[in-house]
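The values are calculated or read from the model by the stated rules, or taken from the named source; none is laboratory data. Model, not experiment: these values are computed from the prediction. Neighbour counts are summed over all protein chains in view; Cβ atoms, including those assigned to glycine, are modelled from backbone coordinates with ideal geometry. Accessible surface is based on the protein model in full, side chains and every heavy atom, while ligands, DNA and RNA are left aside. Shrake-Rupley method; radii C 1.70, N 1.55, O 1.52, S 1.80 Å.
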Amino acid sequence: MNITVKSLRSVRCLSSRQGGAMNVFDRSMKRKQKQWASSLLDSDKYDYLRDEAGSRVADRVYDVSRTFPLALDVGCGKSHVAEHLSKEIVERLFLTDISDSSLRNRRKCEIPGHCVLADEEFLPFKENTFDLVLSSMSLHWINDLPGALRQIYQVLKPDGVFIGAMVGGETLYELRCSLQLAELEREGGFAPHISPYTAVTDLGNLLGRAGFNMLTVDIDEVQVNYPGMLEVMSDLQGMGESNCAWTRKSLLHRDTILAAAAIYKEMYGNEDGSVPATFQILYMIGWKPHESQAKPAKRGSANVSFANLSKISKLQTVHQKTNEKP
């Protein structure tokens, strides 16, 4: 297989919106899926997506240019972020996951760490504990995402930062459309086989509601090419990323699967016979407010009009000449 990564856009998130929690996912089933996937003898070969996202989250940690005495990785899996970090940046790290098998099989890293078996929806830590909270490829399976973000906000110290990544947007749209069309044709209706994902605009709103400021959300589109649709589904299972929505259909008929595979190749297939699977990964950064942080200027305090932006270089030249006069 080959992987293509394309950065789509960066968005500054300013607004917030109210909304209620939902119960979409069977968390017990997700735990079993992750337990099974992490216990596979060849489980490392399914980690390519988490490794890619983990390295990019680590890059954003290095961009902050400060040392974090105590950090927390929420839903760490096999520690896909920590292996890219150094103890000069993060001095001590707590790792949490719902799968004890993932924690046992975690990657080695140089940072002193402590493992805690915990659900991402119920963090067992006191307020104002951590200087940095990380999360990579886990939050898209959370039922109460607003509540989880509020808990992350609470365990951060003032001026602490949350850096995370989650699958979202139009992820796996090729597989979703192919299965729906095949079921409509063969069975006269369709059930949801791909879980619902968070949109980038909603993510910014949720971070704002949780209390974070200085927000940034950006998207990477990762496209992986597979021999066929069955290999896409097999790898998703090996990643522990199978659908766990309560409304999922427990059985797919053989003729429906074959029809979906044919539709997939016909609609999205590459010239070399392979098929693409698209993953949109949403990256987020949010800070817990502190009095030392930069604040926006008061409304009406600007001394240059937007109408003069085109003349800004001329204004700078005039200002320099004025200052040079004896």
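With a 1.4 Å probe and every protein chain kept in, tell me what percent of the accessible surface of the stretch 148-197 is carbon plus sulfur. Roughly 51 percent, rounded to a whole number.
Taken along the Cα-to-beta-carbon direction at a fixed 7 Å, the label points for residue 110 and residue 187 span 5.2 nm.
Amide H contacts for residue 116 (H built 1.01 Å from N in the peptide plane; partners 5 or more residues away or on another chain; cut-off under 5 Å): 95, 96, 97.
Phi angles across the stretch 286-292 convert, under the Karplus curve 6.51 cos²θ - 1.76 cosθ + 1.60 with θ = phi - 60°, into 3J(HN,Hα) values of x, 10, 7, x, 8, 5, 7 Hz, Gly and Pro given as x. A crude spin-label estimate for the pair residue 202 and residue 143, with each label 7 Å from Cα along the Cβ direction, gives 1.7 nm. Here the chain is assigned +1 on the Cβ of each Lys and Arg and -1 on the Cβ of each Asp and Glu. Its dipole about the Cα centre then comes out at about 1440 debye. Residue pairs exceeding 19 angstrom between C-alpha atoms, taken from 108/157; 78/288; 78/249; 32/78; 157/288: 108/157; 78/288; 78/249.
Within the stretch 160-247, none of the trypsin sites (Lys or Arg not before Pro) combine a DSSP coil assignment with at most 14 other C-beta atoms in a 10 angstrom radius. Each residue of the stretch 53-59 was assigned a 3J(HN,Hα) from its phi angle through the Karplus expression (A = 6.51, B = -1.76, C = 1.60, θ = phi - 60°), giving 5, x, 5, 6, 5, 4, 4 Hz with x at Gly and Pro. Computed from Cα positions, the angle between helix 145-155 and the longest principal axis of the chain comes to roughly 50 degrees. This model, with +1 at the C-beta of Lys and Arg and -1 at the C-beta of Asp and Glu, gives the stretch 148-275 a dipole about its Cα centre of some 700 debye. Distance between the C-alpha centres of the stretch 29-79 and the stretch 141-182: 14 Å, rounded to the whole angstrom. Would you mind classifying the stretch 27-321 by shape? Square roots of the alpha carbon gyration tensor eigenvalues, ordered a ≥ b ≥ c; an a/c under 1.5 is rounded, otherwise it is prolate if a/b is larger than b/c and oblate if not. Note, shape of the stretch 27-321 comes out oblate.
Under 5 Å from the amide H of residue 275 lie the amide H atoms of 226, 228, 270, each residue being 5 or more positions distant or on a separate chain, with H modelled from the backbone and absent for Pro and chain starts. Taking every alpha-carbon pair under 8 Å whose residues sit at least 6 apart, the chain reaches a relative contact order of 24 percent. For the pair residue 265 and residue 237 in one chain, pulling the backbone fully straight at 0.36 nm per residue adds 8.1 nm over the alpha carbon distance.
Principal semi-axes of the equivalent ellipsoid, √(5λ) from the alpha carbon gyration tensor of the stretch 192-310, are 45, 20, 12 Å from largest down.
In a fully extended conformation the segment linking residue 299 and residue 250 would gain 12.0 nm over its present Cα-Cα distance, using 0.36 nm per residue.
A simple count of charges around residue 243, restricted to other residues whose Cβ falls under 11 Å of its Cβ and scoring Lys, Arg +1 and Asp, Glu -1, yields +2. Rounded to whole numbers, the Karplus 3J(HN,Hα) couplings from phi for the stretch 60-67 are 5, 5, 5, 5, 5, 6, 8, 9 Hz, using 6.51 cos²θ - 1.76 cosθ + 1.60 with θ = phi - 60°, and x at Gly and Pro. Counting only protein heavy atoms and a 1.4 Å probe, the stretch 27-321 has 47 square angstrom of accessible area per residue. At a Förster distance of 30 Å, what's the computed FRET efficiency of residue 67 paired with residue 150, Cβ-Cβ distance as r, to 0.05? Working from the Cβ atoms, E equals 0.70. From the square roots a ≥ b ≥ c of the eigenvalues of the alpha-carbon gyration tensor of the stretch 48-118, which class results: rounded (a/c under 1.5), prolate (a/b over b/c), or oblate? The shape class here is oblate.
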